[in-house]
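A.B. asks: Below are the structure tokens for one structure; questions will follow.
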Amino acid sequence: MDGFPAAFDALPDPVVTVDTDGVVRGGNARVESVLGHARDDVVGMAVGELFFDPDGGDAGDELRRYVADPEHRSMSVGLDLCARRADGSALPVALGFAPFDRDGETRLLVTVVDDSAERRAETDLHRRTQTLEALHEATQDLLKTTDREVAAEAAVEYVEEVLGHPIAAIWLYDADRDLLEPISWTARADEVVGDHPTYTAEGRSISWAVFESGQPEYVSDTRADPDQYNADSPIRSELVLPLGRYGVINVGATEPEGFSDADLAVARLWAATVTMVFVRIERERQLRTREAEIARERDRLEEFASLVSHDLRNPLNVAAGNLDLLRERLEAGQEDVTELDVIGRSLDRMQELVEDMLALARQGTEIDDTEVLSLSALAEECWDGVDTESAELVVRGDVAVRADRSRLRQALENLFANSVEHGSTSSRAEPDDSVVHGGDDVAVAVGSLDDGEGFYVEDDGPGIPVEQREEVFEPGVSTDPDGTGFGLSIVAEVAEAHGWTVEIAESESGGARFEFRGVAVEPDGASEE
């Protein structure tokens, strides 16, 4: 062993001397306190045995060159290697070199500086940088999701894969049941915890307390926390983070003090990101709902415009036809101008329709005011408001029903107009029927159902094919190429607004029969008309 100056023992760092063959010839007292080797034990060791490159890189070759060709190299241009401690562990070190002569031979004084703290800081910085980069990428992926549960699954996967915590789960708040429900969890959480509980305000739990307060909580030892939900849980430390009004995310460990300050900071940042994603998903859902409502409203308004034009056509035709008759009579000098009454009734009906349609546009299809009506009387009134040409109306008895007068009239007028437009003579009414209006064309009959559950309107026209009976109630569907397809749609809407059902059957003569059921039929003599 080279004689080692006593002054070197006072240095704060280990120092060894190495000859040009790469053999350690001596060391100071700090060799034992820092590296764990006795001073005598390092003598004779190869320098490559005492210092090594853990990555197997070029640093080992550089060390051999420094030894073979000694020259002064400061710590700033020295080597970053690892020293092999006596227990076999590796200590990150930085080496500085200073050559000197000893008995005519060149020696190399190697100063060893413990670099572990700085290396750890660099490693931590690198890891945090990678974590933040991964956080950014995960956030971009999470922002593409449109479903809360899918987002929750992705958020839990991130905690396991990027943050390195395999025990994690998310609870989402169920407002209807006022509880936190487990939605997504890692496989390791399933193994360790088993069935994940729900949390409520009544039960004692850290998760509910965090959800209510909105403040994250780190429990370094769950056994010492009085609010622990399960005192026998294998989870010994737990990080519970709020997700706004949406729920909480729990990250656990099976040992106490399972999280570093860096873990806590990144986990909180991730929880804030997940909360932001939930907010965006909710807003997009509200936007889609609103867009759907606007689309429905637009369709309803378009249908409303079609209904207005369709329903106004009948009284307009009646008024126009009678106006022509009146003009001919006046030109002929006749004083009988009864057509004025018909025109007046048609114009009054048009005004009623306009008012009803405006009310419908503002209020939808709801029925507000009802009254007890004589079906036969209302049918006769409706017949006069339709251009029935030479058709006839047959009233088979009477029935009192509770309904909205204007809406029921709207349905009857459309049924009458439909029968006249599509019908043709195929049979005549029974001899005992009361023919209110007669002619040589189609006959339309109104009466109560045999079971007393409603009423019917039927004709003796060609009828409606069985395969078309469902679709003819759809707006715009008509068996007549020249028809508008809104008449029977209006009938269906009126029935639905009253809470009735309307079905198409076949009359005894083979024509169309519309049966209204679920009608509030009043006792005989109850009609207000």
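A.B. asks: Checking the structure you have, find out if any residue of the stretch 469-486 is in a helix (DSSP H, G or I), modelled with pLDDT under 90 and among the hydrophobic types (A, V, I, L, M, F, W, C).
C.D. replies: Scanning the stretch 469-486, I find at least one residue that is in a helix (DSSP H, G or I), modelled with pLDDT under 90 and among the hydrophobic types (A, V, I, L, M, F, W, C), so the answer is yes.
A.B. asks: With the requirement that a residue be in a loop (DSSP other than H, G, I, E, B) and either on the phi < 0 side of the Ramachandran plot or not charged (D, E, K, R) (or both), what does the stretch 370-418 give you?
C.D. replies: Answer for the stretch 370-418, where residues must be in a loop (DSSP other than H, G, I, E, B) and either on the phi < 0 side of the Ramachandran plot or not charged (D, E, K, R) (or both): THR370, GLY385, VAL386, ASP387, THR388, SER390, ALA391, GLY397, ASP398, VAL399, ASP404.
A.B. asks: Okay, moving on. For ARG73, indicate whether it is at pLDDT below 85, under 19 Å from VAL113 (Cα atoms) and either touching a helix residue (DSSP H, G or I) at 6+ places or on another chain (Cβ under 7 Å) or hydroxyl-bearing (Ser, Thr, Tyr) (or both).
C.D. replies: Yes; evaluated as a whole, the condition is true for this residue.
A.B. asks: Going by what's in this entry, would GLY96 be described as part of a strand (DSSP E or B) and without any contact (Cβ under 8 Å) to a residue 24 or more places away in the chain?
C.D. replies: For GLY96, the condition - part of a strand (DSSP E or B) and without any contact (Cβ under 8 Å) to a residue 24 or more places away in the chain - is met.
A.B. asks: Another question, if that's okay. Which one of these is at pLDDT 85 or above, more than 19 Å from PHE516 (Cα to Cα) and not aromatic (Phe, Trp, Tyr): GLU392, GLU430, GLU453, GLU413?
C.D. replies: So the residue among GLU392, GLU430, GLU453, GLU413 that is at pLDDT 85 or above, more than 19 Å from PHE516 (Cα to Cα) and not aromatic (Phe, Trp, Tyr) is GLU392.
A.B. asks: If I go through the stretch 171-191 residue by residue, how many of them are exposed (fewer than 13 other Cβ atoms within 10 Å of the Cβ) and within 16 Å of VAL240 (Cβ to Cβ)?
C.D. replies: Count: 0.
A.B. asks: Then there is this: Can you say whether GLU49 is surrounded by 17 or more Cβ atoms within 10 Å (Cβ to Cβ) and in a helix (DSSP H, G or I), as far as the supplied structure shows?
C.D. replies: Here the answer is no, as GLU49 does not meet what is asked.
A.B. asks: Hey, any hits in the stretch 145-159 for a residue that's more than 19 Å from PHE259 (Cβ to Cβ), part of a loop (DSSP other than H, G, I, E, B) and of a type in the set (Val, Ile, Thr)?
C.D. replies: yes
The values are calculated or read from the model by the stated rules, or taken from the named source; none is laboratory data. Quick caveat: nothing in here was measured; it's all calculated off a predicted structure. Cβ atoms come from the backbone with ideal geometry, glycine included; neighbour counts cover every protein chain shown.
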